[in-house]
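What follows is calculated from the coordinates using simple rules that are stated; it is not laboratory data. Everything numeric here is computed off the predicted structure, so don't read it as measured data. Don't worry about glycine lacking a Cβ; one is built from the backbone with ideal geometry, like all the others, and counts go over all protein chains shown.
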Amino acid sequence: MSDSEKKTRINGSLMPSYQNETVCLLGNVNHVDPNGNFFQMTTSDNQKVVVRMNEPIKDMLDGLVEVIGVVTRNEIQCTQYISWNHMGPKPFDMGSYDKAIQIIQRYKEHYITM
C-alpha cells in the first residue's frame, strides 16, 4: 500500500499530528449546514470537528458517520463519508472505539492502516 492510500483511524485530539494527511474519523453529526457545504460532528473523544464537503450533501445526514478526508488545521476536507445511522437500536460504544484508537496510536507498527 502506498503512503497516498493510507488512511489512519484517529480521534479529534490527534488531528494536529496528521495535518495534510488522509485519515478516517468517526463521530456523531451535530449540525448540517443548510446549503450542505459542511457539517459538524462530535468525535469519539468528544471533540467538535467541522467536515467540509467537496460537493454539497444531498442526503439526510444524522447519527453516526465515518469520514475519510484530509486534515487541514482543525477541519477535515471530506473525500468520502459513510452514514451508519441504520445500525439499529443498539447504540455504538464510542468509549470503547476511542480506547481502540488510542491503542492503535500506541502500537502503530502492529496496526495495518486501511
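Lysines near K90 by alpha-carbon distance under 23 Å, same-chain residues fewer than 8 away left out - which ones?
K99
Along the Cα→Cβ direction, 7 angstrom out, place labels at H86 and V50. What is the inter-label distance in nm?
The modelled label-to-label distance comes out at 3.1 nm.
Could you state the orientation-averaged shadow area of the convex hull built on the Cα atoms of the chain, in nm² to one decimal?
Averaged projected area of the chain's Cα convex hull equals 7.3 nm².
Taking only DSSP H segments of four or more residues, each worth -39500 (n - 2.57), what value at 222 nm results for the chain once the sum is divided by all its residues, to the nearest 500 deg cm²/dmol?
Computed mean residue ellipticity for the chain: -3500 deg cm²/dmol.
Share of antiparallel DSSP beta bridges in the range 44-100, in percent to the nearest 5?
In the range 44-100, DSSP labels about 65 percent of beta bridges as antiparallel.
Just add up the charged neighbours of G36: K/R +1, D/E -1, any other residue whose Cβ is under 15 Å from the Cβ of G36.
Local charge sum for G36: -2.
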